[in-house]
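See structure below.
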2 protein chains.
Amino acid sequence: MNANPRIEQLARLALEVGINLEAGQDVGVVALTASAPLARAVAARAYELGARYVDVAYSDNRVRRALVELAPEESLDWVPPWRVERIAYLAKNRGALVQIGGDPEPNLLADLDPERVGRAARPTDLNATLLEAINGRKLNWTIVAQPNEGWAEQVFGERDVGRLWDAVAAAVRLDEPDPVAAWRDHLDRLAARTAQLNERRFHALHFRGPGTDLAIQLLPQGRWRSGALETAWGRSFVANLPTEEIYTTPDWRRTQGTVRTTRPLALRGTVIERLDLRFEDGRIVEVNAPAHSDVVRAQVDSDEGAPFLGEVALVDGTSAVGRTGITFFSTLFDENAACHIAYGSGLTIAVEGAEGLSPEELRAAGVNQSRIHTDFMIGGPEVDVDGVTETDAEVPILRDDGWVLPTA
Amino acid sequence: MNANPRIEQLARLALEVGINLEAGQDVGVVALTASAPLARAVAARAYELGARYVDVAYSDNRVRRALVELAPEESLDWVPPWRVERIAYLAKNRGALVQIGGDPEPNLLADLDPERVGRAARPTDLNATLLEAINGRKLNWTIVAQPNEGWAEQVFGERDVGRLWDAVAAAVRLDEPDPVAAWRDHLDRLAARTAQLNERRFHALHFRGPGTDLAIQLLPQGRWRSGALETAWGRSFVANLPTEEIYTTPDWRRTQGTVRTTRPLALRGTVIERLDLRFEDGRIVEVNAPAHSDVVRAQVDSDEGAPFLGEVALVDGTSAVGRTGITFFSTLFDENAACHIAYGSGLTIAVEGAEGLSPEELRAAGVNQSRIHTDFMIGGPEVDVDGVTETDAEVPILRDDGWVLPTA
């Protein structure tokens, strides 16, 4: 057993609510080396819950830094075939995947050549295999994060890991008397909200705020979804802990206007404090940032679909993450405190009839195809969100960070 | 750069003397999580020396404990296919492999069911693939170890990691003014000793000491080798740091007598303080130990070749390891302070004409076939070693831990 009981509790939550482990499953765990305590707890608890085999693979930010700093140019976006094979094995055998973040050194690459950082963040066979497994619903998977001193320092300016545990526990409802029951209630609330939007069938969303005037066209066959998902063989799971968002896939060809981020974006070892983007006919045509815009530009240039949107998500200020009042400098958390969009791959699970279509067919249907998917936060108290009806009427959805859409 | 300069020095030694890295090579690193500082230094220095890609895979003793304690019986000796694929990739592409030990918790499995510990230590596809790559000389590889507090406590009874660094530095000649030059001289001395034995062509060795009276028949085509090896494509490397032994492959069918270990044997998480074995016609027919004999028995029963010898090695008391006067509780070090034998796989590199032979042909030629290979120490000041000539005369090789064989 672990000295910190919250590590055991978070491990159980990742297995019982996150992947919703099925007895007899193989469980892959991908963890930062700094998150070894949680990875070990996940391994032990997974066996107790009936896992057949638990395979923990660590990724090490310092080894990654050595790659970005010192490797030959052509090695930067290469991935060893066995790392691809590992995901393919799980996808082929109805496995489960637990990803454990909690970056102790989020600025570790900030002093390196931005072009090399960008190339190392580019699409890889690994990303493609993982996205294929996820879109094909071949895995039950979840992402969680373990607090550590470096992350605490990033968030609070001091290495107060206890304080960060308090915030994370609140964000993932570990502080509830029965966290599993609390999650059941919470997922029901999100389901009600997606049902409300799916009934309304808005054909566009309109975001307005400082630096933002953005119109995002939705797909006729698009559906609003929450973090509660289901595998192809019918196993329900929760893909992110925490999750507060409801999301859909917009038409990649038709976004227009400007947007400004409202929270910092941690991207492959750099932290981008603010980012301004301009869209024309769906495409990102301008990238502006006070620092590290090169990292974004390199990513946006990485394949044909990269500069187009693949996701839009709505979150209001009542979320457990939002209520902490904290910027976690982690997309996993911060996207759940604010509305966000993502450039890159569209989410086929949010499009009706999309399953089984080829990439070309999906693209023609308006679902973006790319080997990347990067979320960034654009919502908050100063950003209004409206739904646009078939008659071009604008109906308020979010005001002052609150959900105001009346029941139809 | 690392806070501890010895970590940088040991990383360089592993790359420049150990694998003798070739520019453009892929380097695989397998490290215990506790040895991450050395793994990171190896990654960075390898790129500086021209590596194409460095792939670090960590193994975590705590995750292994969860497996042995809690996994279904049939999972204990299973290995994920990607771990096998990883070694196969390196072997196929003229890669190099650095293994980094230094177990911080050598007794971690001591309280678990010995049968389960034994099954988890049994032959696997991974071992088979690794042994095939090594015997086929498809990799330049080396094994090193990084000191840590847990290991220091095992050795000294206190967590004095500085003292252990001193001992390790002495054992691997990092304390020499020019370690790389010191290694060149040392390897020349070992080469002279193998030349001496290869000229003598003893047909057997005879070990005599407390609890030991063992006759090991050598192979007519057997050759004495040192830790300085060469890949199939002609790259020299040093497989163990430290290495002080000279070794050969005996005839697996003809060992007779009894033998007692002279140093503790650390085997898959248990430490076996003393072990008595009896051989009949090559086979281990008795295993006795005050504790953990079950772990040895399970291993010896794991395949057809497991209970037969695959190696005999000579070390005298002048070795850099022996001169430290320390028991390291690590085979990598302790086998280099004392003569040793290994049950399991024979070393084809120590047999002339063996390359390219099938496992069946090797076995028929007297070279043992098994998926395991476990060294244990049987030499020391109280154990005499003689060479047996064609006329059955016994010629002293080691007396009082000193090399006494006169030049022929």
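Summary table below
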read-out	value
Inter-label distance for B:Glu149 and A:Asp294, nm, one decimal - labels placed 7 Å from Cα along Cα-to-Cβ	4.1
Ellipticity estimate at 222 nm from DSSP helix runs (n ≥ 4, -39,500 (n - 2.57)) divided over the protein assembly as shown, nearest 500	-9000 deg cm²/dmol
Accessible-area ranking of A:Lys92, A:Lys138, largest first, probe 1.4 Å	A:Lys92, A:Lys138
Residue-normalised accessible area of chain A, given per residue in Å² at a 1.4 Å probe	37
Cβ-based net charge around B:Gly209, under 10 Å, with every Lys or Arg adding one and every Asp or Glu removing one	-1
For the stretch B:5-171, average projected area of the Cα convex hull in nm²	10.1
Shape box of chain A [Cα atoms, principal axes, largest first, Å]	59, 50, 46
Ratio Rg/Rh, restricted to the protein assembly as shown and using Cα atoms, in which Rh is the Kirkwood radius	1.05
Stretchable slack from B:Arg399 to B:Asp213, in nm (0.36 nm times residue separation minus alpha-carbon distance)	65.5 nm
Value of relative contact order over the stretch A:179-403, rounded to a whole percent, pairs C-alpha under 8 Å and six or more apart	22
Scattering curve values for the stretch B:316-408, log₁₀ I(q)/I(0), Debye with Cα scatterers, q = 0.11, 0.23 Å⁻¹	-0.45, -1.10
Antiparallel bridge percentage (DSSP; both residues within chain A; nearest 5)	75
Kirkwood Rh (inverse of mean 1/r, distinct Cα pairs), the stretch B:267-369, angstrom	15.3
Mean Cα-pair separation over length for the stretch A:5-171, i.e. relative contact order, pairs under 8 Å, 6 or more apart, %	27
Translational D in µm²/s for the stretch A:1-63 (Stokes-Einstein at 20 °C, 1.002 mPa s, Kirkwood Rh from C-alpha pairs)	181
Protein accessible area in chain B, 1.4 Å probe - carbon and sulfur %	46
Hull shadow area, averaged, the stretch A:179-403 [alpha-carbon convex hull, nm²]	12.0
Fraction of antiparallel bridges per DSSP, the protein assembly as shown only, in percent to nearest 5	75
Residues losing 30 Å² or more accessible surface upon assembly, the stretch A:41-68, compared with the chain by itself, 1.4 Å	A:Tyr47, A:Arg52, A:Tyr53, A:Asp55, A:Val56, A:Tyr58, A:Asp60, A:Arg62, A:Val63, A:Ala66, A:Leu67
Straight-distance crosslink candidates among lysines, where the alpha carbon sits under 24 Å from A:Lys138 and sequence neighbours closer than 8 are dropped	A:Lys92
Contact surface B-A: accessible area buried, both sides summed, square angstrom, 1.4 angstrom probe	3000
List of the stretch A:23-37 residues, accessible area with partners at least 20 Å² below that of the chain alone (1.4 Å probe)	A:Thr33
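The values are calculated or read from the model by the stated rules, or taken from the named source; none is laboratory data. These numbers were taken from a predicted model, which means no experiment stands behind them. Neighbour counts run over all protein chains shown; Cβ positions are idealised from the backbone, glycine included. Each accessible area value is taken on the protein alone, full model and side chains, heavy atoms only, with ligands, DNA and RNA left out. Shrake-Rupley method; radii C 1.70, N 1.55, O 1.52, S 1.80 Å.
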